[in-house]
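Before I ask anything, let me first share the structure, which is written out below as structure tokens.
All of the numbers you see were taken from the coordinates with simple rules; none came from a lab. Quick caveat: nothing in here was measured; it's all calculated off a predicted structure. Here the Cβ is made from the backbone with ideal geometry for all residues, glycine too, and neighbour counts use every protein chain on show.
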Amino acid sequence: MPLKDAKFGDILAFDGDGLVSNLINVVSGGNVSHTAFVINEKKLIESTMLDDSNDNGVYIKSIDEKIESYDGDVWHLSTKKPIIDIETCYAYALDLVGTPYDMVQAAMSALDILMDNVEDFNAFYCTELCGAIMKKGKTLPKRVNVSEITPVDLCRIKLYNWHKCVKGEGVIKRFNTINVKDFNEY
């Protein structure tokens, strides 16, 4: 299922059918449990600890392979604001490959009542990785603490032209509804 209109900087959002995905959705109040960053029309970069291929942490994968193997809904989110310096941003993304998964910050990003995460790029959970690359490309302002963004938060910030479901039938709840300047995760 090729994404003919996918471009560097777009986001793929996922809502899995498993226990971990359901837990993420309950805690974050949404229906998106994972995100990945599109690096070209055929490849994505993501951070996960649950991939069937035993890839853990940050790695690059075929978009087609990811969509075909994913058990749940998948959406393609087309970003509004183009990344100005794609080469620098692409090199930054490639430098992150092999970085470990950030289990602690992933859990804490949804549990704001306990304490806020300090932005830290020594390890990444999925949305923290997408957000770090988006900050590097100036799609997200520097003031946004990407270590506090959940997968559904990233889909709710007004950053996108459109989204479409490329697998499944689900709809992202409250997609594109929060102004980035009003986003309270500083």
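Could you tell me what fraction of 2.2 N^0.38 Å the Cα radius of gyration of region 11-182 comes to, as a two-decimal ratio?
Details: Rg = 14.5 Å, N = 172, 2.2 N^0.38 = 15.6 Å.
Relative to the rule-of-thumb radius for its length, region 11-182 sits at 0.93.
Note the count of lysine pairs whose C-alpha atoms are less than 18 angstrom apart in region 52-179, limited to pairs 8 or more residues apart or on different chains.
Count of close lysine pairs: 21.
Loop sites only, by DSSP: take the GluC sites (Glu not before Pro) in the chain that have at most 14 other C-beta atoms within 10 Å and name the longest stretch containing none of them. Can you show the working numbers first?
On the way: sites that count: Glu41, Glu169.
It runs 42-168.
If the chain between Lys80 and Asp116 were fully stretched, how many nm would it gain, using 0.36 nm times the residue separation less the Cα-Cα distance?
In short, 10.1 nm is gained.
If I stretch the segment between Ser62 and Asp17 completely, what's the gain in nm (0.36 nm per residue apart, minus their alpha carbon distance), one decimal? Present the calculation step by step, with values, prior to reporting the outcome.
Values: separation 45, 0.36 × 45 = 16.20 nm, distance 2.09 nm.
Gain in length upon complete extension: 14.1 nm.
Using alpha-carbon positions, what is the distance between the centroids of region 21-42 and region 146-186, in Å?
10 Å
Mean separation of Cα pairs under 8 Å and 6+ residues apart, divided by the residue count of region 11-182: what relative contact order is that in percent?
Taking the mean separation of contacting Cα pairs over the length of region 11-182, I get 27 percent.
Would you mind calculating the gained length between Val104 and Thr177 on full extension (0.36 nm times residue separation, minus the Cα-Cα distance), in nm to one decimal? Mind dumping the intermediate values first?
Numbers: separation 73, 0.36 × 73 = 26.28 nm, distance 2.75 nm.
Extra length available between Val104 and Thr177 comes to 23.5 nm.
In region 118-186, which trypsin sites (Lys or Arg not before Pro) fall in coil by DSSP and have 15 or fewer other Cβ atoms within 10 Å? Spell out each step's value before the answer.
Details: sites: Lys135, Lys136, Lys138, Lys142, Arg143, Arg156, Lys158, Lys164, Lys167, Lys173, Arg174, Lys181; in loops: Lys138, Lys142, Arg143, Lys158, Lys173, Arg174.
Passing sites in region 118-186 are Lys138, Lys142, Arg143, Lys158, Lys173, Arg174.
Mind giving me the nanometre distance, one decimal, between the label points for Val97 and Val26, set 7 Å out from Cα along Cα→Cβ?
3.7 nm
Another question, if that's okay. With springs only between Cα atoms under 10 Å, which of Ser28, Ser47, Ser62 fluctuates most in a Gaussian network model of the chain?
Ser62
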